[in-house]
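**Q** Structure provided below as structure tokens; questions to follow.
The values are calculated or read from the model by the stated rules, or taken from the named source; none is laboratory data. What you see is a predicted model; the values in this text were computed from it and never measured. So basically every Cβ, Gly included, is an ideal-geometry build from the backbone, and we count neighbours across all protein chains shown.
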């Protein structure tokens, strides 16, 4: 189970639901492919990249995008650190008591 103190069980439930829906989609796609095998020979497909290449390219792009977003978020945290430090100042160090 994916669980953390800040996010709890919700992300785990969401991931489980996503996995189930993905499994259903794969099964439906397999059935569709089986049904379309009979008409495949009569249809001319354009020259497209291989599916494996598409998946690789999409995931490579997504990894780069996610890394870029992480760097952006970390930069924003660093840029706002002085404001957060001011809020967390001496009162926060003493447990918030006056």
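**Q** Any idea which of 17, 91 is at pLDDT below 85 and either in contact with a strand residue (DSSP E or B) (Cβ under 7 Å, 6 or more places away or on another chain) or in a helix (DSSP H, G or I) (or both)?
**A** It is 91.
**Q** In addition: Suppose we filter 10, 58, 39 for residues that are surrounded by 10 or more Cβ atoms within 10 Å (Cβ to Cβ) and at pLDDT below 95; which single one remains? I'd like the intermediate steps shown before the answer.
**A** Values: 58 fails: at pLDDT below 95; 39 fails: surrounded by 10 or more Cβ atoms within 10 Å (Cβ to Cβ).
When all the criteria are applied, what remains is 10.
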